[in-house]
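Input: a single structure, listed below in structure tokens.
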2 protein chains.
Amino acid sequence: MRDDMLSSILSELNGTSADIEASAVISIDGLMIASMLPQGMDEDRVGAMSAAMLSLGGRTADELGRGELEQVLIKADDGFVLMTNAGKDAVVTVMAKPKAKLGLIFLDVKRAADNIEQIL
Amino acid sequence: MRDDMLSSILSELNGTSADIEASAVISIDGLMIASMLPQGMDEDRVGAMSAAMLSLGGRTADELGRGELEQVLIKADDGFVLMTNAGKDAVVTVMAKPKAKLGLIFLDVKRAADNIEQIL
């Protein structure tokens, strides 16, 4: 039941934009809770890297006096990775194409993360 | 001479927007090359966290098939931290206020990073 609701939110998120290639909900210790990943993408790897980035991002925000972490964005040649806190226990990770409309993705992912937080 | 040119680029960058609170050029091993930081902000801490974030960001981009890293953005309650590669040996780190116009900051920082890359 909860799984279905999470999958439904991720499916809707991936559907909001053709620029979103993958999305996942991950526990803060890096374990996969729900995912919509393209074939061949390794769940464990997405989980581990998301948890590591969020953890270091949180520490960086703290050390540099920026308050509580909301999101970490990685921009690379072949696309974006956006990690967003969904409450205290989970992270929503989204991968998007290089030419993605970032403003729209920020908005859609924030909304999805709020919904996921209420379900977890 | 080179120090003056770097300081001049950072000074101009901080001047482009009232939302930019601090900027620094850091070697990829975390040592400060040039900085315009507000009083009380610790250089070593900015250097260490920037280098750590860029390093993990690069690995994440690689592991998740996103190609070569360009930027890492941290969004937190009390503001942003934006880290941008300036060539292979240095990072430009900028801190901005919570309500900063991100599009403009991305643009100005990318331009500054290109100039810094040519000087180093």
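The values are calculated or read from the model by the stated rules, or taken from the named source; none is laboratory data. Given the structure is predicted, the values throughout are model-derived calculations rather than measurements. Note: ideal-geometry Cβ built from the backbone for every residue, glycine included; neighbour counts use all protein chains shown.
Brief remarks on what is shown
- Apart from one condition, residue A:72 fits all of (1) assigned to a strand (DSSP E or B); (2) out of contact with any helix residue (DSSP H, G or I) (no Cβ under 6 Å at 6 or more places or on another chain); (3) at the interface with chain B (Cβ under 10 Å from one of its Cβ atoms); (4) in contact (Cβ under 8 Å) with a residue 12 or more places away in the chain; the exception is (2).
- Residue that is of a type in the set (A, V, I, L, M, F, W, C) and facing another protein chain (nearest Cβ under 9 Å), where the choices are B:46, B:92: B:46
- Among residues of segment A:51-64 being at the interface with chain B (Cβ under 7 Å from one of its Cβ atoms) and either of a type outside the set (A, V, I, L, M) or under 13 Å from the mean Cα position of the chain (by Cα) (or both), the one that is farthest from residue A:100 (Cα to Cα) is A:63.
- Condition met for residue B:57 (surrounded by 16 or more Cβ atoms within 10 Å (Cβ to Cβ), part of a helix (DSSP H, G or I) and either in contact (Cβ under 8 Å) with a residue 40 or more places away in the chain or not polar (S, T, N, Q) (or both)): yes
- If you filter segment B:95-105 down to residues that are facing chain A (nearest Cβ under 9 Å) and either within 14 Å of the chain's Cα centre (by Cα) or in contact (Cβ under 8 Å) with a residue 60 or more places away in the chain (or both), you find that the one that is surrounded by the most Cβ atoms within 10 Å (Cβ to Cβ) is B:95.
- Looking across A:33, A:26, A:20, A:9, one residue alone is more than 9 Å from chain B (Cβ to nearest Cβ), out of contact with any strand residue (DSSP E or B) (no Cβ under 6 Å at 6 or more places or on another chain) and buried (at least 19 other Cβ atoms within 10 Å of the Cβ). It is A:9.
- Condition met for residue B:59 (among the basic types (Lys, Arg), touching a strand residue (DSSP E or B) at 6+ places or on another chain (Cβ under 6 Å), modelled with pLDDT of 95 or more and closer than 17 Å to residue A:49 by Cβ): no
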